[in-house]
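A.B. asks: Here it is, the structure, as structure tokens.
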Amino acid sequence: VMYNPAYLRAMPELAGLIRPGIHHDDIARFILDNALIVPPEGRTARDVIDAIRDPVSGEDNNQAQDFIRHDGRWFLVRSIRTRAGYTLTMGSDITDMKMRERALASAKEAAELANRAKSEFLANMSHELRTPLNAVIGFSDIIQNGMFGAIGNPVYAEYARRIHEAGLHLLDIISDILDLSKIEAGELALEETAVDVWPLGEEALQMLSS
């Protein structure tokens with residue numbers, strides 16, 4: 001019945017075809033024959049055109065269809081069935097919005113990959129640190145307990161004790177790093193128990209004063 005210049009700017013290929021009185025099926029056939037639109041995944045171009053032409057009647061008589069033109073531009077088209085029986089079709093160029101959505105999706109995927117790489121690195125590094133750390137903790141424990149004989153100078157025994165405690169502290173930090181990886185993977189199980197804070201305070205003071 002009528003159209004505006006914006007319609008032909010969106011679909012310039014129809015310039016020699018569109019005119020008042022032409023049937024919708026003729027327009028649809030031209031669009032399909034010339035592959036002017038690419039439908040969303042899981043649908044055909046025919047599905048999109050039919051939905052635009054025949055919106056659902058009643059309260060839900062407002063249907064939105066998005067498609068991409070062969071030149072890469074995206075459009076969102078809504079069709080409304082009027083009370084007089086006509087079909088009003090309105091289209092919007094949503095190319096910029098689609099490009100932003102794709103950029104955000106790509107950024108999200110890159111962030112997720114980086115996060116997984118970080119978690120794998122922390123887990124691998126933590127496991128690698130445990131092997132030499134176990135040697136430090138084990139040998140310092142042997143020295144401070146004098147397993148193979150007394151230590152001549154008591155200062156060395158104190159140093160061995162501090163090495164042992166520092167090693168245990170570092171082991172706790174590594175375990176915390178592994179726990180962070182488990183938290184991100186949703187695999188951490190909490191074990192709640194009573195804790196005596198006095199020894200923790202003494203350890204903290206000793207670490208800070210060393």
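The values are calculated or read from the model by the stated rules, or taken from the named source; none is laboratory data. Since we're looking at a predicted model, the values are computed, not measured. A quick note on method: Cβ atoms are made from the backbone with ideal geometry, for glycine too, and the neighbour counts reach across all protein chains shown. Only protein heavy atoms, including side chains, enter the accessible area calculation; ligands, DNA and RNA are left aside. Shrake-Rupley method; radii C 1.70, N 1.55, O 1.52, S 1.80 Å.
A.B. asks: Any idea which residue in segment 150-162 is least open to solvent (accessible area, probe 1.4 Å), counting only those that are part of a helix (DSSP H, G or I) and hydrophobic (A, V, I, L, M, F, W, C)?
C.D. replies: ALA160
A.B. asks: Consider GLU165 carefully, then state whether it is open to solvent by 90 Å² or more (accessible area, probe 1.4 Å) and either assigned to a helix (DSSP H, G or I) or within 16 Å of LEU122 (Cα to Cα) (or both). Can you show your working first?
C.D. replies: Values: open to solvent by 90 Å² or more (accessible area, probe 1.4 Å): no; either assigned to a helix (DSSP H, G or I) or within 16 Å of LEU122 (Cα to Cα) (or both): yes.
No; evaluated as a whole, the condition is false for this residue.
A.B. asks: Consider GLU41 against the criteria (1) touching an Asp or Glu at 6+ places or on another chain (Cβ under 9 Å); (2) in a loop (DSSP other than H, G, I, E, B): it satisfies all of them except one. Which criterion is unmet?
C.D. replies: Status for GLU41: all satisfied but (1).
Conditions tested, residue by residue: (1) in contact with a Phe, Trp or Tyr (Cβ under 8 Å, 6 or more places away or on another chain); (2) modelled with pLDDT under 85; (3) hydrophobic (A, V, I, L, M, F, W, C).
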residue: ARG43; (1), (2), (3): no, yes, no
residue: PRO55; (1), (2), (3): no, yes, no
residue: ALA64; (1), (2), (3): no, yes, yes
residue: GLU112; (1), (2), (3): no, no, no
residue: ALA117; (1), (2), (3): no, yes, yes
residue: LEU122; (1), (2), (3): no, yes, yes
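A.B. asks: Do the conditions hold for ARG73, that is, is it in contact with a strand residue (DSSP E or B) (Cβ under 7 Å, 6 or more places away or on another chain) and open to solvent by 60 Å² or more (accessible area, probe 1.4 Å)?
C.D. replies: Considered against the rule, which asks whether it is in contact with a strand residue (DSSP E or B) (Cβ under 7 Å, 6 or more places away or on another chain) and open to solvent by 60 Å² or more (accessible area, probe 1.4 Å), ARG73 comes out as yes.
A.B. asks: Restricting attention to segment 11-51, which residues are basic (Lys, Arg) and farther than 18 Å from LEU76 by Cα?
C.D. replies: The answer is ARG19, ARG29.
A.B. asks: Next up: If you scan segment 170-194, which residues turn out to be among the β-branched types (Val, Ile, Thr), open to solvent by 80 Å² or more (accessible area, probe 1.4 Å) and at pLDDT below 85?
C.D. replies: ILE183 - this is the single residue of segment 170-194 that is among the β-branched types (Val, Ile, Thr), open to solvent by 80 Å² or more (accessible area, probe 1.4 Å) and at pLDDT below 85.
A.B. asks: Could I ask something else about it? I'd like the residue in segment 95-120 that is closer than 30 Å to ILE49 by Cβ and of a type in the set (Lys, Arg) and, out of all such residues, is least open to solvent (accessible area, probe 1.4 Å). Let's see the steps before the verdict.
C.D. replies: Quick first cut of segment 95-120, residues closer than 30 Å to ILE49 by Cβ only: 95-105.
Then drop every residue that is not of a type in the set (Lys, Arg), which leaves 98, 100, 102.
On the way: LYS98: 37, ARG100: 144, ARG102: 128 Å².
Across segment 95-120, the extreme among qualifying residues is LYS98.
A.B. asks: Just give me the residues in segment 18-54 being surrounded by 11 or more Cβ atoms within 10 Å (Cβ to Cβ) and closer than 20 Å to THR82 by Cα, in sequence order.
C.D. replies: Hits for segment 18-54 are ILE22, HIS24, VAL48, ILE49, ASP50, ALA51, ILE52, ARG53, ASP54.
A.B. asks: Identify, by number, the condition in (1) part of a helix (DSSP H, G or I); (2) in contact with a helix residue (DSSP H, G or I) (Cβ under 6 Å, 6 or more places away or on another chain); (3) aliphatic (A, V, I, L, M) that VAL77 doesn't meet.
C.D. replies: (1)
A.B. asks: Also, I was wondering about something else. Which residues, counting only those in segment 76-94, are farther than 14 Å from ILE52 by Cα, open to solvent by 70 Å² or more (accessible area, probe 1.4 Å) and out of contact with any strand residue (DSSP E or B) (no Cβ under 7 Å at 6 or more places or on another chain)?
C.D. replies: Of everything in segment 76-94, those that are farther than 14 Å from ILE52 by Cα, open to solvent by 70 Å² or more (accessible area, probe 1.4 Å) and out of contact with any strand residue (DSSP E or B) (no Cβ under 7 Å at 6 or more places or on another chain) turn out to be ARG83, ALA84.
A.B. asks: Run down ILE143, ILE137 and say which single residue is at pLDDT 85 or above, of a type outside the set (Lys, Arg), under 19 Å from GLU203 (Cβ atoms) and surrounded by 13 or more Cβ atoms within 10 Å (Cβ to Cβ).
C.D. replies: After applying the criteria, what remains is ILE137.
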